[in-house]
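Every number in this text was worked out from the coordinates using simple rules, so none of it is lab data. All values reported here derive from a predicted model rather than from experimental measurement. All Cβ positions, glycine included, derive from the backbone under ideal geometry; neighbour counts span all protein chains shown.
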Amino acid sequence: MAHLHRFPAMIRATIREPNNRREPAELLRIRQLDPRSRCGESTTVMQLFRVDDLPDDAPRVHMVFHDRHGWYCEHGRECPAVAAVRRHQRVDP
């Protein structure tokens with residue numbers, strides 16, 4: 001029964017204002033690459049992006065692919081780089 005007093009606070013913490021969006025804290029560099037030169041002439045990849053995380057301690061490189069299977073990173077579909085590229089595509093036509 002001790003967990004019941006925390007439940008209303010958890011609900012209040014998840015409610016956000018619609019216009020109060022947080023900007024991502026991470027610093028990313030997104031570059032579009034030519035899929036034919038990187039993956040080969042017979043590739044099914046339509047778009048290819050290189051995403052560089054630029055933290056202070058250790059940079060990490062992501063390759064984000066878009067093909068007939070959808071959007072995915074070499075680290076998996078749930079990788080934050082996939083969402084960053086999708087946001088980048090919506091903002092920059």
**OP:** Subtracting the Cα-Cα distance from 0.36 nm times the residue separation, let me have the gained length for residue 28 to residue 47 in nm, one decimal.
**Re:** 5.0 nm
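Where does each of 41, 78 land when they are ranked from fewest to most other beta-carbon atoms within 10 angstrom? Write out the running numbers ahead of the final one.
Working: 41 6, 78 9.
The fewest-first ordering by Cβ neighbours comes to 41, 78.
Does segment 26-91 come out rounded, prolate or oblate by the C-alpha gyration tensor, with a ≥ b ≥ c the root eigenvalues, rounded set by a/c under 1.5 and, if not, prolate when a/b is larger than b/c and oblate if not?
Values: a/c = 1.94, a/b = 1.64, b/c = 1.19.
Because a/c hits 1.5 or more and a/b exceeds b/c, segment 26-91 counts as prolate.
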